[in-house]
Amino acid sequence: MLLKSDTVMEGSTLVDQFDSPFVDEVFVRAGDGRICQGPVITVASQGYRLPFETSRSVFAMGAKIATYWAHGYGPVGAGFLDRYGLHRRSEGGFHAALDQLSQTAGADLLVWPYFPMQAREYEWLISWLDIQGGASHPILQARVHNRAFLNCCAESDDASLLREGLSISKNKRKTMGRQIRRLGDLGQVDYVSTRSGYDQGKALEAFFVTEASGWKAHKGTALAVNSNLKQFVEGFLPQMLTEGTAQIDLMMLDERCIGSLISFRAGRGLFTWKTGMDEVYKRFSPGVHLLLEVSKQMIADPDVDYIDSLADTGHPVAESLWDGRRDFAQLFIPLSRVGVIACCSLRAGYEGKAKARYWAKRALGRV
């Protein structure tokens, strides 16, 4: 495999990552009380940052629960953020952070959503439990899934490597080429980005407009039409854009934005977060073209090794362009004897709720 950096350790792969932009203090602070009840507490050690909340649940029989702060607006259960290159991932550093979390939370169990299962931290988590005397109690899992992932370093003729890179079928290439030609008949097609100097305020406003032009606005999930979500975004994005840890990419038709994408950077990765599309130009698939353009730019960027789509399994856009996949799961980790039983009960409760939602959606014809 041809790598653009030597940050991937020998014998590891690009899916062995534990970086997350969502443990950035400004992001956590903006979401505390807006997308969660809070308070969110963060413990840190040697580059590891582990934000969490505490609660109790009837499903856990009243046991105290510490929940790692990974959620729909930050769906990465990883916790390494080393912006200035001061630290390297290590078992000792991870264990020290887990010790702090356990002592600070005083909980009976730890629920960890979106844990990246191919990261070496999973084995380090098991070894930490062994040290705590809990090795005989296995970590329970739920919501096991994978999502699209792009290996920006897959620049080899070896087909096994290309399976993690860009993969566009011949028919799709023809369709996309036809769409661009037809768009070109309507005006000048350009791609601009805050990364290359495009005005941040204009870019954010363009994103709000495009995202609110379609079905997201009708469902009330568009950031611009939900005042709480808009305040959340305005609470972290301007600062992260200024610091270069976030970027907004736009697809322009003459002076009009028809597609937008907000992404974050952490470690050697790019994380594609939210997209917007002008519904007037839906038939031209601006979201697909913009994601492909950003993918090509990141492949050429020496500072980026991979892109995490943050998308659900089966996402029609990301999975049509990228062949790579990353595995995730929600973990139930006992921290006490009471926590062993509570983990079993809580997971059963979660799975029961998930099945109920599935059958409700099926009854409504949504699955």
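Note down the relative contact order for the range 242-332 as a percent, whole number, built from C-alpha pairs under 8 angstrom at least six residues apart. For the range 242-332, the relative contact order is 23 percent. Within the assembled protein chains, the solvent-accessible surface assigned to residue 65 is about 10 Å², based on a 1.4 Å probe. Remark: the range 237-367 carries 43 Å² of accessible area per residue (probe radius 1.4 Å; ligands, DNA and RNA excluded).
Once backbone amide H atoms are built at 1.01 Å from N, residue 311 has 148 as its partners under 5 Å, excluding neighbours fewer than 5 places away on the same chain. Indicate the gyration tensor shape class of the range 222-268 (rounded, prolate or oblate), computed on the Cα atoms with a ≥ b ≥ c the square roots of the eigenvalues: a/c under 1.5 is rounded; otherwise a/b larger than b/c is prolate and the rest oblate. Taking the square roots of the gyration eigenvalues as a ≥ b ≥ c, the range 222-268 is oblate. Couplings for the range 303-308, taken from phi via the Karplus curve 6.51 cos²θ - 1.76 cosθ + 1.60 with θ = phi - 60°, read 9, 10, 9, 7, 10, 9 Hz in order; Gly and Pro are left as x. Under a 5 Å amide H cut-off, with hydrogens placed 1.01 Å from N, residue 140 pairs with 332 among residues at least 5 apart or on other chains.
When nucleic acids and ligands are ignored and a 1.4 Å probe is applied, residue 315 ends up with an accessible area of around 70 Å². Rounded is the label for the range 73-130. Its Cα gyration tensor axes, ordered a ≥ b ≥ c, give a/c under 1.5. Taking the 1.4 Å solvent-accessible surface of the range 208-367 as the whole, the part contributed by carbon and sulfur is 52%.
Coupling constants for the range 59-64 follow from the phi torsions by the Karplus curve (6.51 cos²θ - 1.76 cosθ + 1.60, θ = phi - 60°), and in residue order they are 5, 9, 6, x, 5, 7 Hz; glycine and proline get x. Cross-link pairs exceeding 27 Å in C-alpha to C-alpha distance, out of 170/296; 202/282; 170/219; 219/296, comprise 170/219; 219/296. Can you give the FRET efficiency to the nearest 0.05 for residue 327 and residue 174, using r as the Cβ-Cβ distance and R₀ = 41 Å? It comes to 0.80. The solvent-accessible area of residue 280, taken with every protein chain present and a 1.4 Å probe, is close to 90 Å².
Spin-label model, residue 300 to residue 55: label points 7 Å out along the Cα-to-beta-carbon direction sit 4.5 nm apart. Dividing the helix sum by the residues of the chain, where each DSSP H run of 4 or more adds -39500 (n - 2.57), gives a mean residue ellipticity at 222 nm of -11500 deg cm²/dmol.
Length gain on complete extension for the stretch residue 205 to residue 91, per 0.36 nm per residue less the alpha carbon to alpha carbon distance?
Values: separation 114, 0.36 × 114 = 41.04 nm, distance 4.28 nm.
Answer, rounded to one decimal: 36.8 nm.
The calculated FRET efficiency for the pair residue 29 and residue 185, based on their C-beta separation and a Förster distance of 45 Å, comes to about 0.45. Taking a ≥ b ≥ c as the square roots of the eigenvalues of the Cα gyration tensor, the range 242-367 is oblate, since a/c reaches 1.5 or more and a/b is not larger than b/c.
The values are calculated or read from the model by the stated rules, or taken from the named source; none is laboratory data. Not measured: the values here are computed from a predicted model. Don't worry about glycine lacking a Cβ; one is built from the backbone with ideal geometry, like all the others, and counts go over all protein chains shown. The protein model used for the area step is the full one, side chains on, heavy atoms only, and it has no ligands, DNA or RNA in it. Shrake-Rupley method; radii C 1.70, N 1.55, O 1.52, S 1.80 Å.
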